[in-house]
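The values are calculated or read from the model by the stated rules, or taken from the named source; none is laboratory data. Just so it is clear, the structure is predicted and the values come from calculations on it, not from any experiment. Using ideal geometry, Cβ is built from the backbone for each residue, glycine included, and neighbour counts are taken over all protein chains shown. With ligands, DNA and RNA removed, areas are computed over all heavy atoms of the protein, side chains included. Shrake-Rupley method; radii C 1.70, N 1.55, O 1.52, S 1.80 Å.
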Amino acid sequence: KGRPTKYVLELIELLAMLKVHFKLTYRSLQGFADSFLSKVLPEGKSPDYTLICKRMIQLGKCLPKLPSNRGAIVALDASGMKVYGEGEWKVKVHGRGRPRKWVKVHLAIDVETQEIVAEVVTESKIGDSKMTGSLLDQITERPKRVLADGGYDRREARETIKKRKIEQVIPPPRNAKYRGNNSARDRAIAEIVGLGGDRSLWGKLTGYNMRVLAETMFSRLKRLFGERFFSKTIEKQRIESRIRCYLINKMKVARA
């Protein structure tokens with residue numbers, strides 16, 4: 001219905017990946033596209049920057065999927081991405097003048113291959129533990145162990161992992177009480193107490209210290225693509241986040 005589209009969706013997907021990878025504005029992206037698309041397109045004209053912006057929302061249907069989990073251990077973590085607001089230096093020197101908006105990106109990392117195998121973008125008020133099921137549902141091959149920080153020490157997250165018959169390595173808080181129900185949380189408390197309260201040694205013995213790879217992935221994402229999303233709506237932010245994850249996985253494969 002209406003006028004038929006002139007440019008295929010795969011071309012819009014390619015331009016979106018170029019925009020994210022090189023951190024271009026839409027106008028800069030149009031000029032960059034003109035430099036090489038003018039020789040291959042029939043009319044010698046690349047898509048207008050407004051057309052690319054409008055059709056970005058359609059990419060949710062055709063974006064490439066993340067790789068399936070091939071390892072036995074998965075690390076979960078979440079971090080905030082800025083949408084708009086003042087920079088850190090301005091706030092530190094002159095104080096906060098305008099409110100800043102954030103969204104939260106939840107990731108699941110294959111510890112063996114160090115690839116992103118699951119990803120969810122939510123509002124900043126959504127807790128880490130609430131997205132445990134959404135992340136594990138995206139993983140085709142069920143892992144044997146899940147590593148997560150204290151933010152996932154919630155009944156909802158622990159029950160979600162337990163129902164999938166996956167071993168959970170989540171540190172309880174320092175003031176956690178032993179309840180005697182033989183749960184994974186109780187076993188972790190008993191192990192830490194048995195080691196004299198040395199939580200660092202517990203992390204090495206249980207493999208929990210490998211969870212740092214999830215934090216490393218967030219650091220890598222922010223250094224490569226920046227700490228903010230250029231998109232202003234949650235639908236486009238999810239598309240942008242998926243493109244970032246896809247690109248960084250491709251870079252990992254290329255380095256290997």
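Points to keep in mind about this one:
- Every residue from segment 144-156 that is more than 17 Å from residue 125 (Cα to Cα), surrounded by 16 or more Cβ atoms within 10 Å (Cβ to Cβ) and among the basic types (Lys, Arg): 145
- Among (1) at pLDDT 90 or above; (2) in a helix (DSSP H, G or I); (3) open to solvent by 30 Å² or more (accessible area, probe 1.4 Å), the one test that residue 133 misses: (3)
- The condition (being closer than 23 Å to residue 252 by Cα, open to solvent by 60 Å² or more (accessible area, probe 1.4 Å) and either assigned to a helix (DSSP H, G or I) or modelled with pLDDT under 95 (or both)) is satisfied by just one residue among 159, 141: 141.
- Enumeration of residues in segment 19-31 that are assigned to a helix (DSSP H, G or I), hydrophobic (A, V, I, L, M, F, W, C) and over 13 Å from residue 244 (Cβ atoms): 29
- Residue within segment 108-120 that is open to solvent by less than 70 Å² (accessible area, probe 1.4 Å), in contact with a His (Cβ under 7 Å, 6 or more places away or on another chain), closer than 27 Å to residue 64 by Cα and among the β-branched types (Val, Ile, Thr) present: yes
- Hits in segment 203-249 - residues which are modelled with pLDDT of 90 or more, among the charged types (D, E, K, R), open to solvent by 20 Å² or more (accessible area, probe 1.4 Å) and closer than 26 Å to residue 28 by Cα: 220, 222, 223, 235, 236, 238, 242
- The residues on offer are 200, 241, and the sole one that is hydroxyl-bearing (Ser, Thr, Tyr) and in contact (Cβ under 8 Å) with a residue 60 or more places away in the chain is 241.
- Qualifying residues in segment 63-83 (those that are of a type in the set (A, V, I, L, M), within 29 Å of residue 14 (Cα to Cα) and assigned to a loop (DSSP other than H, G, I, E, B)) - the one nearest to the chain's Cα centre (by Cα): 66
- Contact annotation: residue pairs with Cβ atoms under 7 Å, 6 or more positions apart or on different chains, pairing a residue in segment 118-147 that is over 13 Å from residue 77 (Cα atoms) with a partner that is at pLDDT below 90 and in a strand (DSSP E or B), are 124/102.
- Scoring residue 180 on the criteria (1) of a type outside the set (A, V, I, L, M); (2) in contact (Cβ under 8 Å) with a residue 40 or more places away in the chain; (3) open to solvent by less than 70 Å² (accessible area, probe 1.4 Å) leaves a single failure, condition (2).
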